[in-house]
Amino acid sequence: MKITLYTVVSPDGITIENVLGYRSPEKALEAFEAWKKRFEAQGFYSSVDSGRIPLEDLDRSCEFDTTTAEVFPRKCSCCGKGMTEGYCIDGGEEYFCSDECLHTEYTKEEFEAKYAEGDGDSYWTEWPEEEIDLDDELIFEENF
Ligand SMILES: [Zn+2]
């Protein structure tokens, strides 16, 4: 599922706080205010390209923008990647996106035993988009 996120771009052209974005413009503004406070002690923002930017000019030097991001119903317990399909272990205790990630915790034989010919609570499955809870912590393709 694709959603719109609100971002704050620093004078260096990267989003603040290393996050993809925020769910609402209000949240983005909140994060921006908190981010600016970090530079209060030194009294300026140190930009790679334009050097020192006085704090009072930071509002003008940053940009509010939006971005689109894909959100996922589940997250791999091993690599943290968002997933729409993958291994479900013990009815949802753990999830794995690939054989590679599964085998960091379970051997093929151990999984086969849990799978139990389809009678177990461990299996490969797909999760529909409807299972994404937008009020919950969002899961993106990559871990941030
Ligand atoms: Zn994984």
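The values are calculated or read from the model by the stated rules, or taken from the named source; none is laboratory data. Just so you know, these numbers come straight off a predicted model, no measurement behind them. Positions of Cβ are backbone-derived with ideal geometry, glycine not excepted, and every protein chain shown enters the neighbour counts.
Annotations
- Residue match in the stretch 50-61 (condition: surrounded by 14 or more Cβ atoms within 10 Å (Cβ to Cβ) and not in a helix (DSSP H, G or I)): yes
- Test result for T7, under 30 Å from P128 (Cα atoms), polar (S, T, N, Q), assigned to a strand (DSSP E or B) and out of contact with any His (no Cβ under 9 Å at 6 or more places or on another chain): yes
- Qualifying position, being more than 16 Å from the ligand (Cβ to nearest atom), at pLDDT below 95 and surrounded by 11 or more Cβ atoms within 10 Å (Cβ to Cβ), among L138, L134: L138
- So A116, is it aliphatic (A, V, I, L, M) and exposed (fewer than 13 other Cβ atoms within 10 Å of the Cβ): yes
- Hits in the stretch 97-131 (condition: under 20 Å from K81 (Cβ atoms) and either away from the ligand (no atom under 16 Å from the Cβ) or hydroxyl-bearing (S, T, Y) (or both)): S98, T104, Y106, S122, Y123, T125, P128, E129, E131
- Residue check for G91: away from the ligand (no atom under 16 Å from the Cβ), in contact with a Ser or Thr (Cβ under 9 Å, 6 or more places away or on another chain) and at pLDDT 95 or above: yes
- Taking every residue in the stretch 18-44 that is more than 15 Å from T7 (Cβ to Cβ) and pairing it with any residue that is of a type in the set (D, E, K, R) and outside any helix (DSSP H, G or I), at least 6 positions away or on another chain, the pairs with Cβ-Cβ distances below 8 Å are F44/R52.
- Residue among D49, D90, D12 that is acidic (D, E) and either without any contact (Cβ under 8 Å) to a residue 24 or more places away in the chain or in contact with a helix residue (DSSP H, G or I) (Cβ under 9 Å, 6 or more places away or on another chain) (or both): D90
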